[in-house]
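Report on the structure given below.
Each reported figure results from applying straightforward, stated rules to the coordinates on display, with no laboratory input. What you are looking at is a predicted structure, and each value in this text was computed from that prediction instead of being measured. Every residue, glycine as well, gets a Cβ built from its backbone with ideal geometry; the counts of neighbours run over all protein chains shown.
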Amino acid sequence: MVTRREFDIGLEQLRNMLVEMGTKVERALAESMNALENLDVEAARAIVKDDPEINRIEETISDLGAKLIATQQPVAKDLRRILVALKISSDLERMGDLSVDIAKVVIRLEGQALLRPIGDLPQIAMIVRTMIIESIQSYIDENVDLAYKMAKDDDQVDAMYSQFLRETFTYMADNPKSVAQTMHMSFVGRYIERIADHATNIGESVVFLVVGKRPDLNQ
Amino acid sequence: MSAQSFYTKELSVYYGEKHAVKRVSMDFPERQVVALIGPSGCGKSTFLRSLNRMNDLISGARIEGKVWIGDQNIIDPSTDVVQLRQRIGMVWQRPNPFHKSIYENIAFGPRYHGVRNRKELDEIVETCLRKTALWDEVKDRLNQSGLALSGGQQQRLCIARSLAVQPSILLMDEPASALDPVSTAKIEELISELKQEYTIVIVTHNMQQAARVSDRTAFFFLGDLVEYDDTQKMFTNPSKKSTDDYISGRFG
């Protein structure tokens, strides 16, 4: 087996950057949920401040991917590895933005007290954090089974989110003065649910990488 | 140049004891370009040469199986190889014009096959030079030696020469590997033009060239046809791991 040293180093760098990005995104979600539960505005501001770092990694991945395509003429699975890395990094970038959106809700609630417990949101976020880690893991290991598991987790997230919305709307109807804050909470639920969709997209990318065909896991 | 099928059936080539091409069956769709790829010694050039019986000239070479062109199995000993090579043109790796004028390089074949009329020969020469995009470059110096042309022009002259006897099939053995990038690009462009009229089989070591010029790609390894599929499929999602490894530059 002939090795392509330069090229393999480049692919390894892409992998490492995706792991770094995934780790940061997972942490951003964890910290924004912590900030929400404790209404910790300072912590929320720190999350917003850190986001450009996630964006920077995405740009670096994009530049390296372009360079590898231009200089190494990858084909077949090597080409898919790069195409998929670009796609995954853009999903991760969106997931980072959505975590920031949660942090921004905390900032908007500055000076207020929580009118009611935030229900299942922390549990949903916990599932989604696992999905983020597993989505990256499935890419690194090229593990299709793990990628398909993402679709099942996503179904559970969707179901929990719907339940959360029903409860929230009922609460709003009974407590008209709470509408503003409760709306923000339902946005948070929406952001978390969107992050899960992006994690599912990553699972789809992994299936495409491994088998060369595009599945639709986000149904 | 009527429509006709062109395919091999269980084609084997032996050099003495060595089984160089192993029972290869493949078809060449009309007016498409088929690229044969694989590491050196994989049998692709041997296979290409058996398609117009060029291996007859190699002592110790033996062919089994069939090559069908229309309803004729050209492996059959009764085949008239001169007539066969009129139907199948061949272009080699290094341009090899005759030591003759540009005009005579092209007129040689038709004249050999009996065309004597000067006007008719003039027309053939012009048509072939136009088809290979050489006409504008050489029309004022048709009596100059073909060897005075640049390497890329010589190769196009050789392609023009092969067209002069009105073949329906063109075999090309690494036709651009001895040329600079601009001449290579011209040959590739020419191949795309020529496939409107001819069925083309090309051996190339240049993976990107196979990807660019061919409709279908065949991967040979150790005398076996490992995989044969649409070129886009072969270069984006081949079925066999060895194909993937080879086109990705990981062996061979």
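Things worth noting here:
- Partners for A:LYS49 among lysines (Cα-Cα distance below 28 Å; same-chain residues under 8 apart left out): A:LYS24, A:LYS87, A:LYS104
- Relative to the longest principal axis of the Cα atoms of chain B, the long axis of helix B:181-194 lies at roughly 90 degrees.
- Estimated FRET transfer efficiency (B:LYS9, B:GLU197; beta-carbon r; R0 30 Å; 0.05): 0.70
- Selected from B:MET207, B:LEU142, B:VAL67, residue furthest toward positive end of dipole (chain B; charges at beta carbon): B:LEU142
- Count, lysine Cα pairs under 29 Å in region B:1-158, 8 or more residues apart or across chains: 16
- Placing +1 on each Lys and Arg Cβ and -1 on each Asp and Glu Cβ, with no other charges, gives chain B a dipole about its Cα centre of roughly 380 debye.
- When every Cα-Cα distance of region B:51-182 is counted in 10 angstrom steps from zero, the calculated P(r) takes the values 12, 39, 32, 15, 2 percent.
- Projecting the alpha carbon convex hull of the protein assembly as shown along each direction and taking the average yields 29.5 nm².
- Across every pair of non-identical alpha carbons in region A:149-219, the mean reciprocal distance, once inverted, gives a Kirkwood radius of 13.6 Å.
- Spin-label pair B:GLU120/A:GLN156, simplified geometry with 7 Å Cα→Cβ offset, distance in nm: 8.3 nm
- Extension gain from A:ARG56 to A:ALA173, taking 0.36 nm per residue of separation minus the Cα-Cα distance: 37.8 nm
- DSSP-defined antiparallel bridges as percent of all bridges, the protein assembly as shown, nearest 5: 60 percent
- Where the alpha-carbon atoms of chain A are placed on the principal axes, they occupy 68, 33, 19 Å, in descending order.
- 222 nm mean residue ellipticity, helices alone, for chain B (DSSP H n ≥ 4; -39,500 (n - 2.57); rounded to 500): -10000 deg cm²/dmol
- In units of the rule-of-thumb radius 2.2 N^0.38 Å, region B:1-87 shows an alpha carbon radius of gyration of 1.06.
- Dipole of chain B computed with +1 at Lys/Arg Cβ and -1 at Asp/Glu Cβ about the Cα centre; of B:THR184, B:MET234, B:VAL165, farthest Cα towards the positive end is B:VAL165.
- Restricting attention to chain B, close to 60% of DSSP beta bridges with both partner residues there are antiparallel.
- Percent of C-alpha pairs per 5 Å bin, chain B, short to long: 1, 6, 14, 17, 19, 17, 13, 8, 4, 2, 0, 0
- Per-residue ellipticity at 222 nm from helix content only, as computed over chain A with -39500 (n - 2.57) for each DSSP H run of at least four residues, stands at -30500 deg cm²/dmol.
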